[in-house]
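Quick notes on the structure that follows.
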Amino acid sequence: MPSEPTRYWHRTKKTVETEQIYGGRWLRWTYENPVGRLALWLVVRRAVYSHVYGWQMNKRVSSFKILPFIVAYNLDVDEFAKSAFAFKTFNEFFCRALKPAARPVAPDARVAVLPADGRHLVFPDVDNADGFYVKGAKFTLAELFGEAQLPPEQQVLASRFAGGAMLISRLAPMDYHRFHFPVGGKAGEPQFINGWLYSVHPVALRRNLHHLVENRRMVTLMESPRFGTVAMVEIGATAVGRIRQTFIPGRDVAKGEEKGLFAFGGSCVITLFARDRIRFDADLVEQSAQHRETYAKMGDRLGVALH
């Protein structure tokens with residue numbers, strides 16, 4: 001049975017809106033049709049589709065897709081750091097930088113900000129969350145951090161963030177696809193965890209939430225004077241075979257500073273705070289309690305430090 005439309009709360013407009021899904025017909029066929037699910041196993045899961053599509057989006061001819069995409073999704077070209085006509089390939093356009101003023105960052109040092117444009121869910125206590133994308137559907141921190149096969153005493157990161165707060169930021173193909181640091185501090189070396197390339201759209205996650213902990217991902221820990229240890233997990237997805245880190249590990253980073261970027265496709269960033277380190281803003285909590293994402297942009301408020 002086809003799934004319901006994906007709706008989200010637009011934080012600025014204060015309205016409930018229906019998401020315009022890029023490739024929606026293909027996505028629903030792949031995850032809702034028995035034949036499509038066979039294709040999922042044979043092609044999508046094994047990253048064949050993502051590699052081929054990524055190769056196509058790096059060809060010069062792909063640049064002809066840029067202007068129709070901008071028009072179809074009503075993108076604001078005035079935000080772009082360079083002209084829409086200057087991109088040589090679609091993937092170069094997709095990974096575009098924005099003018100610094102396009103994403104103002106909440107200045108108060110006590111305030112953490114959203115790390116990416118997209119649709120966001122927050123969970124003040126990850127251990128007691130009532131489902132993530134659908135009631136009852138959860139994954140463990142050990143699975144997320146790639147520690148599920150280890151004895152409990154060796155699940156270091158899962159233990160460190162037990163009872164902590166979690167933000168899931170889902171980026172759709174029409175979103176700005178660079179991700180940034182939500183707080184200031186010192187960032188460590190990213191750790192790569194290999195995996196599949198399933199879709200992370202709710203159409204897919206409502207059927208199998210574990211795509212988030214089965215896909216390729218990178219984990220970075222940072223130490224923040226106000227927020228303690230913070231973990232950022234970037235997750236690849238269908239058509240996103242590459243997660244590129246652009247920051248320099250081992251040095252201090254500023255809140256809102258660019259951390260990296262995704263190649264073409266939908267993708268996801270999960271941010272975790274240790275127990276009793278952050279209080280998420282009430283509007284994000286209220287919408288998430290209804291299993292409804294909130295659309296907001298990088299640099300917008302996420303919450304305040306508790307210490």
I'd like the Kirkwood hydrodynamic radius of the chain, using the inverse of the mean 1/r over distinct C-alpha pairs, in Å.
19.7 Å
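Treating the beta-carbon of each Lys and Arg as +1 and of each Asp and Glu as -1, no other charges, what is the dipole magnitude of the chain about its Cα centre, to the nearest 20 debye? Before the final figure, lay out each step's value.
Details: 41 positive and 30 negative charges, 164 e Å.
Roughly 780 debye for the chain.
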Using the Karplus equation 6.51 cos²θ - 1.76 cosθ + 1.60 (θ = phi - 60°), what ³J(HN,Hα) coupling, rounded to whole Hz, does each residue of segment 170-183 give in order, writing x for Gly and Pro?
9, 9, 8, x, 7, 7, 4, 10, 10, 10, 10, 6, x, 9
Lysine pairs with alpha-carbon atoms under 18 Å apart, the chain, spacing 8 or more or separate chains:
13
Counting other beta carbons within 10 Å of each Cβ, put MET57, MET166 in order, fewest first.
MET57, MET166
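Each value in this text was obtained by applying a stated rule to the coordinates, not by laboratory testing. As the structure is a computational prediction, the values presented were derived from the model and not from experiment. Cβ sites come from the backbone with ideal geometry, for glycine too, and all protein chains shown count toward neighbours.
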